[in-house]
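**Q** Mind having a look at this structure? Questions to follow.
The values are calculated or read from the model by the stated rules, or taken from the named source; none is laboratory data. Being a predicted model, the structure only gives us computed values, none of them experimental. Please note: Cβ atoms are built from the backbone with ideal geometry, for glycine as well, and neighbour counts cover all protein chains shown. Calculation scope for accessible area: heavy atoms of the full protein, side chains included, ligands and nucleic acids excluded. Shrake-Rupley method; radii C 1.70, N 1.55, O 1.52, S 1.80 Å.
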Amino acid sequence: MGYDLKMRIWRGDQSGGDLQDYTVEVSEGEVVLDAIHRLQATQSGDLAVRWNCKAGKCGSCSAEINGRPRLLCMTRLSDFDQTETITVTPMRAFPVIRDLVTDVSFNYEKARELPSFQPQPRDADGKRRMMQVDVERGQEFRKCIECFLCQDTCHVVRDHEDNKPAFAGPRFFLRYAELDMHPLDTHDRRALAQDAAGLGMCNITKCCTEVCPEGIRITDNAIIPMKERVVDRKFDPLVWLGSKIGVRNRDNDGRTDPRDPD
Amino acid sequence: MARHPMTGNEMSSEAESRLERHHYDVVIVGAGGAGLRAAIAAHEAGAHTAIVCKSLLGKAHTVMAEGGIAAAMGNRWPEDNWEVHFRDTMRGGKMLNNWRMAQLHAQEAPERVQELEDWGALFDRTEDGLISQRDFGGHKYARLAHVGDRTGLEMIRTLQQRAVALGIDVFMECTITDLLKAAGTDEEGPIAGAFGYWRETGRFVVFEAPSVILATGGIGKAYKVTSNSWEYTGDGHALALRAGASLINMEFVQFHPTGMVWPPSVKGLLVTESVRGDGGILKNSEGKRFMFDYIPEFFKAETADSEEEADRWYDDKKNNRRPPELLPRDEVARAINSEIKAGRGTPHGGIYLDIASRRDADFIRKRLPSMYHQFKELADVDITAEPMEIGPTCHYVMGGVEVDPDTEATSITGLYAVGECSGGMHGSNRLGGNSLSDLLVFGSRAGAAAAAYVSGLDVLPKADEHAVQAGERRAVAAFTGSGEGGENPYTIQHDLQQAMNDLVGIIRTSSELEESLSSIEALKERAKAMAVEGHRQYNPGWHLALDLRNMLLVSECIAKAALERQESRGGHTRDDFPGPDPEWGAKNLVLRLNAAGTGVDLTHQPLPVMPDDLKSYFEE
Ligand SMILES: Cc1cc2nc3c(=O)[nH]c(=O)nc-3n(C[C@H](O)[C@H](O)[C@H](O)COP(=O)(O)OP(=O)(O)OC[C@H]3O[C@@H](n4cnc5c(N)ncnc54)[C@H](O)[C@@H]3O)c2cc1C
Ligand code: SF4
Ligand code: SF4
Ligand code: FES
């Protein structure tokens with residue numbers, strides 16, 4: 001049942017590199033990461049690749065397979081013809097460290113820029129109450145395994161290094177939306193999302209949603225609603241009027257803009 | 001300096017030879033649930049704190065936990081309280097647990113879980129809007145706080161986001177290879193820091209710190225069939241031994257009853273216990289629901305003895321007893337093992353776990369989304385339509401660093417251990433869900449204790465520079481070593497995994513254990529002649545060569561303790577000593593590095609005695 005798989009793998013570091021050809025024996029039911037592990041164990045002990053769970057749960061093994069951003073551990077060899085050569089390259093949007101390993105610190109920096117969750121106080125009995133329907137929206141976003149494939153895909157930064165400082169990327173729009181929709185959060189992050197995180201630069205092409213291994217509907221469920229809420233806050237005269245005359249809408253209820261001094 | 005301030009990414013290769021130095025009050029080795037919680041506590045207590053981890057932040061094993069966090073919050077069952085949780089934990093561990101740890105754990109888990117909500121966690125809810133709690137093996141009441149079947153992801157993300165919000169320094173993809181003791185002291189001397197290397201560049205780094213908290217997780221990579229990742233090489237266990245601390249309970253390794261068996265590429269991958277908690281049952285190739293044949297005397301009173309009663313339990317828990325599928329893990333794993341051995345296994349050498357015929361497809365997809373996804377994507381199996389094939393897989397090590405129950409301090413001043421790499425809390429067998437709560441409860445205690453220790457110091461211990469140089473020499477030995485003819489570290493790892501699987505597995509006998517010890521000795525010899533190709537920049541072969549030193553030491557601990565304990569209890573089953581023995585039930589086996597530093601010595605130690613008021617919970 002086993003067969004010889006032809007692979008081309010990018011080998012190199014920040015000073016340069018190229019695609020190298022390999023042939024490796026693989027068997028039924030294996031994924032691309034298995035083939036790479038076998039290469040490591042038998043032909044090329046120093047081939048650099050990140051992985052942890054091998055089950056699509058940790059988001060470590062992101063790379064590009066035949067040019068498409070994917071998880072190495074969730075891409076089955078049976079998706080390809082046995083005669084086809086599989087090409088594996090590192091994520092393009094991030095600087096390469098070595099072989100398939102890239103410097104993803106951009107994402108950790110963006111995570112730090114985000115104002116954290118600010119809850120209301122607990123109920124009198126020391127517990128918190130939220131309804132299942134209200135947490136479900138946030139739960140969809142919290143399925144994110146931080147593989148950063150969406151970040152790698154988004155055209156705003158994929159080939160535009162210069163956009164990076166002003167653009168947090170889809171993974172973090174998700175986080176803004178999650179906090180914004182959290183039933184107990186007290187911050188209003190909409191202006192921040194628009195200005196500092198660069199939500200406005202997203203033109204809803206949905207490429208990020210297409211590559212998300214968790215099937216999170218990033219564009220439809222997070223980015224678009226977030227954009228709508230930003231517009232509400234910015235231009236909606238009724239909301240404006242409401243906030244002046246003391247009629248509060250739910251979005252503003254109990255929330256403060258973290259940029260405003262308390 | 002070109003290093004990124006947060007991730008430590010160093011892109012310039014000329015920096016390779018320079019030794020980097022950092023100073024902290026508390027250095028935490030590990031960024032799983034235990035390490036992150038400890039860091040938060042140490043930071044909040046005012047200590048200058050750093051977290052060091054082998055992988056990127058957020059990728060530690062904790063991320064893979066599925067089922068839930070055990071805490072007697074009483075949201076589903078007002079009758080539940082810490083006393084019941086304490087009793088369940090001790091009984092699950094066959095009374096070999098450190099009673100004080102089990103007590104603190106049961107008492108403090110509810111607040112530690114609720115705290116996660118303060119930091120943004122979104123747990124599944126009850127109808128009243130409280131944190132929902134689900135059933136798991138060995139727990140009398142539905143007790144596990146959960147988020148579908150991705151609870152670990154929720155927990156690690158919440159703690160990670162909290163640590164980032166507090167501005168705690170994180171050194172990612174940085175591996176600690178040695179602990180540093182204070183200069184001019186003997187083996188008992190205090191901790192003065194840690195030594196390691198950046199995986200990205202291979203550059204060495206010294207952390208000078210009067211206290212170090214080990215939170216490195218488990219040892220599962222020593223086995224061939226395992227649910228654990230490459231990180232689980234027993235680093236914390238080995239670091240503690242080499243620093244002069246002791247390990248206990250190392251003979252107890254948990255084999256989870258339900259790992260995937262097919263295809264080979266995913267063999268060992270975990271199938272969460274929630275499948276059984278939510279109605280799944282175990283069947284052999286003859287279609288028989290066999291667990292009824294394996295109910296031990298110890299659990300007879302609380303386990304259903306007919307399918308009818310077991311099925312009624314899901315809806316009416318008050319008037320029925322629990323299905324035998326929800327016995328503690330060691331019982332279920334042994335039963336599955338026996339069925340397979342008796343020739344009643346599935347085509348791929350497992351048995352069937354069936355939820356498809358018992359729950360409707362919507363329910364399954366909603367309650368077990370990751371399992372649905374995992375089987376669909378990796379095995380082409382639709383778990384809403386057909387049964388899964390499963391078998392035991394190495395999952396968790398009960399054994400670990402011996403610590404003081406209240407502070408998690410080891411016998412070495414300034415050194416602490418928490419999470420899976422610490423020992424005592426779970427006795428001979430851990431209940432599902434009790435690990436995530438363990439991480440939170442003892443992580444928090446260790447962080448506070450380490451910070452308090454440091455703030456009380458007048459003079460900081462100074463790290464021994466000879467040890468730093470020795471660490472550097474040892475680390476590069478595999479490059480400079482025997483060169484040609486040197487062995488490939490991957491081959492040695494493979495042979496070790498095979499030996500541990502075959503000889504120190506789920507069912508053990510004295511002859512096989514003796515054989516395993518000589519295999520380990522032979523592997524140690526072979527490891528001396530290891531050779532690594534390439535250079536120091538992000539080189540997995542080199543990383544493995546360094547981790548192997550720890551794996552070999554820890555494997556020896558397991559095999560040695562398993563040979564010594566002549567009884568069967570929890571995660572240690574001896575074919576030649578099939579029952580539990582009360583005399584053994586009163587002792588721990590303690591392992592320390594031998595005088596030559598080449599292996600381990602073993603001693604017996606009486607178990608701490610439980611006070612009478614707690615003993616009364618176990619009188620029937
Ligand atoms: C698939 C699976 C499902 C599980 N499900 C559950 C569940 O539902 N409920 C439950 O309670 N438990 C569960 N467990 C068990 C539980 O997840 C683990 O025991 C727990 O997460 C361990 O946490 P930890 O903080 O001790 O270590 P980990 O989360 O493993 O973290 C270890 C950390 O140490 C770092 N590290 C290790 N060595 C070094 C070194 N030398 N230098 C620097 N850093 C190092 C690693 O990089 C990592 O950051 C499950 C386990 C698995 C494998
Ligand atoms: S939808 Fe927006 S964030 Fe997503 S890929 Fe397109 S531009 Fe980028
Ligand atoms: S949103 Fe999806 S693609 Fe983006 S990082 Fe998260 S899991 Fe990956
Ligand atoms: S290894 Fe964890 S997602 Fe691939």
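Rundown of residues vs (1) surrounded by fewer than 24 Cβ atoms within 10 Å (Cβ to Cβ); (2) in a helix (DSSP H, G or I); (3) outside the structural domain of B:Gly570 (by TED's automatic domain parsing), yes/no style:
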residue	(1), (2), (3)
B:His426	no, no, yes
B:Val441	no, yes, yes
B:Leu460	yes, no, yes
B:Asn501	yes, yes, no
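**Q** Could you look through the stretch A:182-200, keep only residues that are of a type in the set (Gly, Ala, Ser) and in a loop (DSSP other than H, G, I, E, B), and pick out the one that is surrounded by the most Cβ atoms within 10 Å (Cβ to Cβ)? Spell out how you get there, then give the answer.
**A** Initially, the stretch A:182-200 is screened for residues of a type in the set (Gly, Ala, Ser), giving A:191, A:193, A:196-198, A:200.
Still in the running and in a loop (DSSP other than H, G, I, E, B): A:196-198.
Numbers: A:Ala196: 16, A:Ala197: 23, A:Gly198: 20.
My answer is A:Ala197.
**Q** Looking at the stretch B:363-379, which of the residues that are over 25 Å from the mean Cα position of the chain (by Cα), of a type outside the set (A, V, I, L, M) and farther than 21 Å from B:Asp124 by Cα is nearest to the other protein chains (Cβ to nearest Cβ)?
**A** So, considering only residues that are over 25 Å from the mean Cα position of the chain (by Cα), of a type outside the set (A, V, I, L, M) and farther than 21 Å from B:Asp124 by Cα, the one nearest to the other protein chains (Cβ to nearest Cβ) is B:Glu377.
**Q** Read through the list (1) more than 16 Å from ligand 3 (Cβ to nearest atom); (2) crowded, with 22+ Cβ neighbours inside 10 Å, then give the number of the only condition that A:Pro165 fails.
**A** (2)
**Q** While we're on this one: Does at least one position in the stretch B:538-554 carry a residue that is within 14 Å of chain A (Cβ to nearest Cβ), surrounded by fewer than 23 Cβ atoms within 10 Å (Cβ to Cβ) and at positive phi?
**A** The answer is no; no qualifying residue exists.
**Q** Given the stretch A:44-153, what strands (runs of 3 or more DSSP E) lie entirely inside it while holding 1 or more residues that are away from ligand 3 (no atom under 13 Å from the Cβ), surrounded by fewer than 21 Cβ atoms within 10 Å (Cβ to Cβ) and not assigned by TED's automatic domain parsing to the domain that holds A:Ile223?
**A** Of the strands (runs of 3 or more DSSP E) lying wholly inside the stretch A:44-153, those with at least 1 residues that are away from ligand 3 (no atom under 13 Å from the Cβ), surrounded by fewer than 21 Cβ atoms within 10 Å (Cβ to Cβ) and not assigned by TED's automatic domain parsing to the domain that holds A:Ile223 span A:62-65, A:86-89.
**Q** Would you confirm whether any residue within the stretch A:204-218 is touching an Asp or Glu at 6+ places or on another chain (Cβ under 9 Å) and part of a strand (DSSP E or B)?
**A** So far as the stretch A:204-218 goes, no, none of its residues is touching an Asp or Glu at 6+ places or on another chain (Cβ under 9 Å) and part of a strand (DSSP E or B).
**Q** Identify, please: which residue in the stretch B:114-132 is aliphatic (A, V, I, L, M) and within 27 Å of B:His373 (Cα to Cα) and is, among those, nearest to the other protein chains (Cβ to nearest Cβ)? Can you show your working first?
**A** Going through the stretch B:114-132, the residues aliphatic (A, V, I, L, M) turn out to be B:116, B:121-122, B:130-131.
This time we only want the ones that are within 27 Å of B:His373 (Cα to Cα), so: B:116, B:121-122, B:131.
Values: B:Leu116: 11, B:Ala121: 8, B:Leu122: 5, B:Ile131: 8 Å.
If we take residues in the stretch B:114-132 being aliphatic (A, V, I, L, M) and within 27 Å of B:His373 (Cα to Cα), then B:Leu122 is nearest to the other protein chains (Cβ to nearest Cβ).
**Q** Quick check: anything in the stretch A:30-43 touching a helix residue (DSSP H, G or I) at 6+ places or on another chain (Cβ under 6 Å), assigned to a strand (DSSP E or B) and either over 24 Å from B:Trp198 (Cβ atoms) or more than 8 Å from chain B (Cβ to nearest Cβ) (or both)?
**A** Yes, the stretch A:30-43 contains at least one residue that is touching a helix residue (DSSP H, G or I) at 6+ places or on another chain (Cβ under 6 Å), assigned to a strand (DSSP E or B) and either over 24 Å from B:Trp198 (Cβ atoms) or more than 8 Å from chain B (Cβ to nearest Cβ) (or both).
**Q** From the list A:Thr219, A:Thr256, A:Thr209, pick out the single residue that is among the hydroxyl-bearing types (Ser, Thr, Tyr) and at pLDDT below 85.
**A** Values: A:Thr219 fails: at pLDDT below 85; A:Thr209 fails: at pLDDT below 85.
None of the others qualify; the one that does is A:Thr256.
**Q** Still on this structure, please answer the following. Only one residue in B:Thr480, B:Thr413 is within 29 Å of the chain's Cα centre (by Cα) and surrounded by fewer than 24 Cβ atoms within 10 Å (Cβ to Cβ), so which one is that? So that I can check it myself, show each step before the final result.
**A** On the way: B:Thr480 fails: within 29 Å of the chain's Cα centre (by Cα).
Only one candidate qualifies: B:Thr413.
**Q** A:Ile86 fails exactly one of the following numbered conditions: (1) at pLDDT below 95; (2) farther than 27 Å from B:Tyr232 by Cα. What is the number of that condition?
**A** Single failed check for A:Ile86: (1).
**Q** Now for a different question. So, in the stretch B:44-75, how many residues would count as being under 21 Å from B:Ala409 (Cβ atoms) and either within 14 Å of chain A (Cβ to nearest Cβ) or in a loop (DSSP other than H, G, I, E, B) (or both)?
**A** Residues meeting the conditions: 5.
**Q** Which one of these does B:Gly148 not meet: (1) assigned to a helix (DSSP H, G or I); (2) closer than 22 Å to B:Trp313 by Cα?
**A** Checking B:Gly148 against (1) assigned to a helix (DSSP H, G or I); (2) closer than 22 Å to B:Trp313 by Cα, the one that fails is (1).
**Q** May I ask you to verify whether B:Leu180 is open to solvent by less than 10 Å² (accessible area, probe 1.4 Å), within 21 Å of the chain's Cα centre (by Cα) and more than 14 Å from chain A (Cβ to nearest Cβ)? Steps first, please.
**A** On the way: open to solvent by less than 10 Å² (accessible area, probe 1.4 Å): yes; within 21 Å of the chain's Cα centre (by Cα): no; more than 14 Å from chain A (Cβ to nearest Cβ): yes.
Answer is no for this residue.
**Q** B:Ala470 - would you say it is loosely packed, with under 15 Cβ neighbours inside 10 Å and assigned to a helix (DSSP H, G or I)?
**A** The answer is yes for B:Ala470.
**Q** Let me ask something additional. Limited to the stretch B:248-277, what total is found for residues that are farther than 15 Å from B:Tyr396 by Cβ, more than 14 Å from chain A (Cβ to nearest Cβ) and not β-branched (Val, Ile, Thr)?
**A** Residues flagged as farther than 15 Å from B:Tyr396 by Cβ, more than 14 Å from chain A (Cβ to nearest Cβ) and not β-branched (Val, Ile, Thr) within the stretch B:248-277 amount to 3.
**Q** Another question about this same structure. Looking at the stretch A:52-64, can you tell me whether even one residue there is out of contact with any Leu (no Cβ under 7 Å at 6 or more places or on another chain) and more than 16 Å from ligand 1 (Cβ to nearest atom)?
**A** Checked against the condition, which is being out of contact with any Leu (no Cβ under 7 Å at 6 or more places or on another chain) and more than 16 Å from ligand 1 (Cβ to nearest atom), the stretch A:52-64 yields at least one hit.
**Q** Continuing with the same structure: List every residue pair whose Cβ atoms sit under 6 Å apart, with the two residues 6 or more apart in sequence or on different chains, where the first one lies in the stretch A:87-105 and is at the interface with chain B (Cβ under 7 Å from one of its Cβ atoms) and more than 18 Å from A:Ile36 (Cβ to Cβ) and the second, anywhere, is part of a strand (DSSP E or B) and not small (Gly, Ala, Ser).
**A** Sorted first by the residue in the stretch A:87-105, then by its partner, the pairs are A:Asp103/A:Ile97.
**Q** So which residues in the stretch B:133-160 are facing chain A (nearest Cβ under 8 Å) and out of contact with any Leu (no Cβ under 9 Å at 6 or more places or on another chain), if there are any at all?
**A** Selection gives B:Arg150, B:Leu153, B:Arg157.
**Q** Can you pull out every residue in the stretch A:207-228 that is surrounded by fewer than 21 Cβ atoms within 10 Å (Cβ to Cβ), away from ligand 3 (no atom under 12 Å from the Cβ) and of a type outside the set (Asp, Glu)?
**A** A:Ile224, A:Pro225, A:Lys227, listed by residue number.
**Q** Taking B:Glu525 as the residue in question, decide whether it is within 30 Å of B:Glu339 (Cα to Cα) and more than 14 Å from chain A (Cβ to nearest Cβ). First the steps, then the outcome.
**A** Values: within 30 Å of B:Glu339 (Cα to Cα): no; more than 14 Å from chain A (Cβ to nearest Cβ): yes.
Against the criterion (within 30 Å of B:Glu339 (Cα to Cα) and more than 14 Å from chain A (Cβ to nearest Cβ)), B:Glu525 does not qualify.
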